[in-house]
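Notes for the one structure printed next.
Please treat every number below as a calculation from the coordinates, not as lab data. Small disclaimer: the values here were computed from a predicted structure and weren't measured. Note that we place each Cβ from the backbone using ideal geometry, even for glycine, and neighbour counts take in every protein chain shown.
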Amino acid sequence: MKYQPLYLLILALAASCVDEHRPPGHEKFFLAYGTVESAPGHDLFIVLDDKDTTLLVAESTVPLEFFKNEMRLIVDYSIMEKTAPGQSYHYRARVNQAVEINTVDVNVSGNNTGNDPITVEDYWLAHGFLTFKYRVRGTTFKHAVNLTLLPYPREGNDETGEQFIPLELQHDDAGDPDNETLTDLVSFPLYKAFPGATEPTRLRISYNDPEKKEGETTIEITYYPREPS
């Protein structure tokens, strides 16, 4: 994954010009994380991470060619109309701006892609994607962050006997000097890594954060397979 200064773009969205991007009647706007659902010749939808709220994109200042199916993004939008009960979406919306979130396939090869320090500030599951907000040290944007499925055996049992799949969030700073703190987001499509999963799957994710105590650098989550589209 090529490292991008996404946090700067988020700030730019929040400070975007109202007169330029929001015509009268659309001054109230929202910033949200979401996933694009798009198919050629069909309507464009954005499913928000918050409770799977679905927007029908009725207007957009962003060229429609920008949006790709399964794209993860931060979207600045205004609500035009709430839909009637029974519709497949919740709101007709106008997209004012959008920024793509880096999306990287899970590394299922088991090959180590880096052991440099990384701090996890937040993480969440939504629409089949696991997203991390993370912090690293550096000066440039050539870092790589990957979620690696650890080599065989790829299943373990904890002290209670419950089974889990071990993964590691790995960071390669590419030799970048440790001069300042950089923050970004990355999403991993778990539905691609576990295509045959039909039952909830427990994941145990470790990462290298020397600022934390032993035992504090492990995340345990349960992945619930997406329902077929």
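Tabulated results
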quantity	calculated
Extended-chain gain in nm, criterion 0.36 nm per residue less alpha-carbon gap, Asn115 and Glu211	33.1 nm
³J(HN,Hα) computed for each position of segment 40-48 - Karplus, 6.51 cos²θ - 1.76 cosθ + 1.60, integer Hz, glycine/proline x	x, x, 10, 5, 9, 10, 10, 9, 6
Selection from Ile79, Ile118, Pro189, by position along the positive dipole direction of the chain (Cβ)	Ile79
Distance (nanometres) between label positions extended 7 Å along Cα→Cβ at Trp124 and Ala39	2.8
Anisotropy class of the chain from Cα gyration tensor, a/c 1.5 cut	oblate
Amide hydrogen neighbours beyond the local backbone of Asn208, cut-off 5 Å, H modeled	Ile118
Amide proton proximity set for His143, modelled H, under 5 Å, gap of 5+	Tyr3
Gain on full stretching of the segment that runs from Ile79 to Glu220 - 0.36 nm per residue minus C-alpha separation	47.2 nm
The chain - mean residue ellipticity at 222 nm from DSSP helices (-39,500 (n - 2.57) per run, n ≥ 4, rounded to 500)	-1500 deg cm²/dmol
Segment Val108-Ala174, extension gain: residue separation times 0.36 nm, minus the distance between their alpha carbons	21.6 nm
Shape category assigned to segment 119-223 from the gyration tensor of Cα positions, a/c cut at 1.5	prolate
Contact order relative to length of the chain, as percent, for alpha carbon pairs under 8 angstrom and 6 or more apart	19
Residue of Asp50, Asp116, Asp209 that the Gaussian network model of the chain assigns the largest fluctuation, springs spanning Cα pairs under 10 Å	Asp50
Among Pro40, Pro117, Pro177, residue whose mean-square fluctuation peaks in a GNM of the chain (springs only between Cα atoms under 10 Å)	Pro40
Residue with peak Gaussian network fluctuation, the chain [Cα springs, cutoff 10 Å], from His42, His90, His143	His42
